[in-house]
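This report concerns only the one structure given below.
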Amino acid sequence: MLRITIELVPYGDESRKRVLGIGEITNDAMGTHTTGNYHVRLSKWAPKTGQTWRRGTVTNFKRKAHGPWDLVYLALAACVGDRNGGA
């Protein structure tokens, strides 16, 4: 599983940091050696962290050709799409 945590750190002060969202990407164990399929779960806004906001799937991910940020990008696209008009 990959876990992506988004934190707000006001003015760089670690003592004031708070979680804004968590993404979890889990392998569904149905892929092959070169491709993977993944379940995606996004949550947001503490103290509700842990409550699912969006779910999605990424299929046929070329794990040997692409890296973890590519998987994160596809996971976000699967869950929220192009919400910002390409900005």
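The values are calculated or read from the model by the stated rules, or taken from the named source; none is laboratory data. Since this is a predicted model, take the numbers as computed values, not measurements. All Cβ positions, even for glycine, are placed from backbone atoms using ideal geometry, and neighbour counts span all protein chains on display.
Just a few scattered comments:
- The range 25-51, subset of a type in the set (Gly, Ala, Ser) and assigned to a strand (DSSP E or B), residue surrounded by the most Cβ atoms within 10 Å (Cβ to Cβ): Gly36
- If the condition is being free of Cβ contacts under 8 Å to residues at least 24 places away in the same chain, within 17 Å of Arg3 (Cβ to Cβ) and more than 14 Å from the chain's Cα centre (by Cα), then the range 15-25 contributes only Lys17.
- When the range 1-53 is filtered for residues that are touching a strand residue (DSSP E or B) at 6+ places or on another chain (Cβ under 7 Å) and of a type in the set (D, E, K, R), the ones remaining, listed by number, are Arg3, Glu7, Lys17, Arg18, Glu24, Asp28, Arg41, Lys44.
- Looking across the range 52-87 at every residue that is of a type in the set (Gly, Ala, Ser) and not in a loop (DSSP other than H, G, I, E, B), the one that is surrounded by the fewest Cβ atoms within 10 Å (Cβ to Cβ) is identified as Ala77.
- Cβ-Cβ under 8 Å pairs, at least 6 apart or on other chains, the range 1-14 side under 30 Å from Ala29 (Cα atoms) and touching a residue at least 60 places away in the same chain (Cβ under 8 Å), far side of a type in the set (D, E, K, R) and not in a helix (DSSP H, G or I): Leu2/Glu24; Ile4/Glu24
- Residue within the range 13-21 that is within 20 Å of Leu71 (Cβ to Cβ), surrounded by 11 or more Cβ atoms within 10 Å (Cβ to Cβ) and aliphatic (A, V, I, L, M) present: no
For (1) modelled with pLDDT under 95; (2) over 14 Å from the mean Cα position of the chain (by Cα); (3) at negative phi, each residue gets a yes or a no:
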| site | (1), (2), (3) |
| --- | --- |
| Asn27 | no, no, yes |
| His33 | yes, yes, yes |
| Ala46 | yes, yes, yes |
| Arg54 | yes, no, yes |
| Arg63 | yes, yes, yes |
| His66 | no, yes, yes |
| Trp69 | no, no, yes |
| Tyr73 | no, no, yes |
